[in-house]
Amino acid sequence: MDSQIQAEDRARRERMTAIAMAVGAMLALALMDAALKAVAARYPPIEIVFLRSLVALPLVLVYVWARPGFKQIRARRKVALSARSVLNLLVLVLFVMALKRMPLADATAVAFAAPFLVTAFSAPLLGERVGRHRWGAVLIGLFGVLIIVKPGPGMLSSGALFALAAAFAYALSMISSRALSRTESNTAIVVYNLAGMLIVAGAVMPFQWVTPRLEDWPLFAFIGVTGAAAQLLVTQAYRLAPAAVVAPFDYTALIWAVGLGYMFWGDLPGPRVIAGIVVVIASGLYILHRETRRKTGRSQGV
């Protein structure tokens with residue numbers, strides 16, 4: 001009995017730690033996005049991605065050396081991992097272009113179209129079954145995104161089209177992560193992603209380089225540090241607790257984005273954007289609920 005109580009207490013502590021890590025990861029991501037927005041108007045997106053990866057990769061390698069060890073980096077599907085890194089480079093470039101043109105909270109909210117697109121893509125690309133309830137939630141969630149972006153002739157100038165394209169590319173990246181996780185460790189996926197982005201962006205640098213101003217170097221370092229911290233925190237959070245516990249706290253990113261957007265740029269979402277955010281969060285949580293029920297049913301043989 002004592003061992004069972006101790007096990008339950010340990011599991012409870014791990015869940016609370018995972019939640020704290022997830023919230024911290026979302027704060028780190030929001031801080032990174034705010035710093036990205038601060039430099040987006042002055043530097044080419046590909047250079048921003050290069051400098052971010054240049055700082056983040058050594059930090060992640062130090063963590064790998066200290067904890068799981070470099071054996072975890074061994075990969076079977078190097079070509080697929082490299083292709084995913086190029087896709088993620090495109091995600092960041094598109095998102096920086098969006099941040100250059102739209103408020104931080106709006107861009108973050110549009111990025112949450114990715115989970116709906118993952119659900120939609122999982123049927124044709126991974127052969128997963130998507131029932132009518134989840135299809136309904138996907139359509140409602142995408143409607144919420146449309147409320148935020150307000151489709152029309154001004155979508156390109158407002159940055160909404162870039163944000164939607166970034167969400168689309170990120171959804172494909174998440175799908176590839178699901179497929180790669182069957183044979184590769186999370187550590188290998190993270191390291192190959194950063195290394196690939198660094199190499200590809202570095203190859204373009206001679207044609208895109210703009211020497212950063214002295215006062216901007218700390219911002220680039222901050223972008224790399226917060227990006228690495230977010231990656232490591234979210235990976236550890238999902239290791240300590242089930243996705244059903246951790247995933248709802250991803251939406252705290254919207255709270256951080258609203259706060260930072262108001263603090264640094266005086267931006268506050270209008271009623272239309274707030275309505276869209278509410279629809280997106282509600283639909284995302286419903287999809288998570290259905291996913292959890294489906295997995296529970298499978299584990300019980302239902």
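Read-outs: derived from the displayed coordinates by stated rules, not from any lab. Just so we're clear, the structure is a prediction, and the values are computed from it rather than from any experiment. Cβ atoms come from the backbone with ideal geometry, glycine included; neighbour counts cover every protein chain shown.
Modelled label positions at Ala11 and Arg178, each set 7 Å beyond Cα in the direction of Cβ, lie 2.6 nm from each other. Here the label points at Val62 and Phe143, each 7 Å from Cα along the C-beta direction, are separated by 4.9 nm in the simple model. Potential lengthening of the chain between Trp217 and Ala20 amounts to 68.0 nm, from the contour at 0.36 nm per residue minus the alpha-carbon distance. Around the amide H of Asp267, modelled in the peptide plane, lie the amide H atoms of Tyr262, all under 5 Å away and 5 or more residues distant in sequence or on another chain. The trypsin sites (Lys or Arg not before Pro) of the stretch 177-238 that meet both conditions, a loop assignment by DSSP and at most 11 other Cβ atoms within 10 Å of the site Cβ, are Arg182, Arg213. Taken about its Cα centre, the stretch 14-299 carries a charge dipole of about 1080 debye when Lys and Arg each add +1 at the Cβ and Asp and Glu each add -1 at the Cβ. The trypsin sites (Lys or Arg not before Pro) of the stretch 60-141 meeting both criteria, a DSSP state outside H, G, I, E and B (loop) and at most 14 other C-beta atoms within 10 angstrom of the site's C-beta, are Arg74, Arg76, Arg129.
Going 7 Å from the Cα of Gln208 in the Cα-to-Cβ direction, what parts of the stretch 58-96 have a backbone nitrogen less than 17 Å from that spot? Counting backbone N atoms under 17 Å from the label point, the list is 83-96. For the chain, the relative contact order comes to 39 percent (Cα pairs under 8 Å, sequence separation of at least 6). Principal axis analysis of the Cα atoms in the chain yields extents of 63, 46, 37 Å, listed in decreasing size.
Multiplying the residue separation of Ile255 and Lys78 by 0.36 nm and removing their Cα-Cα distance gives an extension gain of 60.0 nm.
For the chain, the membrane-span-like helix rule (DSSP H, alpha carbon extent of at least 24 Å along the helix axis, mean Kyte-Doolittle at least 0.0) picks out 2-40, 45-66, 78-99, 132-149, 160-180, 186-208, 217-240, 271-299; this says nothing about an actual membrane.
Neighbour counting of Cβ atoms within 10 Å sorts the residues Thr108, Thr235, fewest neighbours leading, into Thr235, Thr108. Candidates Leu104, Trp217, Gly202 compared by Cα position along the dipole of the stretch 14-299: farthest toward the positive end lies Gly202, with charges placed on Cβ.
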